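The values are calculated or read from the model by the stated rules, or taken from the named source; none is laboratory data. Bear in mind that the values here come from a model prediction, so they are computed numbers and not experimental data. Don't worry about glycine lacking a Cβ; one is built from the backbone with ideal geometry, like all the others, and counts go over all protein chains shown.
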Amino acid sequence: MNERTERERWGPYLLVLAGAVVSVVVIIMANPRWGGFALGGVIMVAAALRFAGFGGQLAVRSRKIDAITLSLFGFVLVLTSMLLDNNELKAVILSLFTQ
C-alpha cells in the first residue's frame, strides 16, 4: 500500500482514539461533566468522518448505519454529561416525558 492509502486508513481511527483517551483522562482526573461532553464530541466527530467517507478502521458496517449509530451515541453522551450537575435542565427534560 502506498503512504496516502495507509494514512487515510489509520488517520480517522487514531484521531478518534486520541480524543477518546484525552476525554477519559479528563473524566478521571478533572471533571466528569466536561470529560463526558468531550467524549460525546469526539464520537460525533467520528460520525462526521465516517459520513464523509473516511472510515478505515472505523468502518464496520455500512456508512449510513455507522454515522447514525455514532451520532446518536455521541448526542446521548453530550446530553447526559450536561445533566450531571444541572437540576433545572433535568426538570425540563423529565417534564417532557411526563406529559
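Taken over the stretch 80-98, the criterion of being closer than 24 Å to residue 48 by Cβ and touching a residue at least 12 places away in the same chain (Cβ under 8 Å) is satisfied by 80, 81, 82. Against the numbered list (1) surrounded by fewer than 13 Cβ atoms within 10 Å (Cβ to Cβ); (2) modelled with pLDDT under 90; (3) more than 16 Å from residue 13 (Cα to Cα), residue 29 comes up short only at (2).
Mind checking whether some residue in the stretch 46-55 is surrounded by fewer than 16 Cβ atoms within 10 Å (Cβ to Cβ) and at pLDDT 85 or above? Yes.
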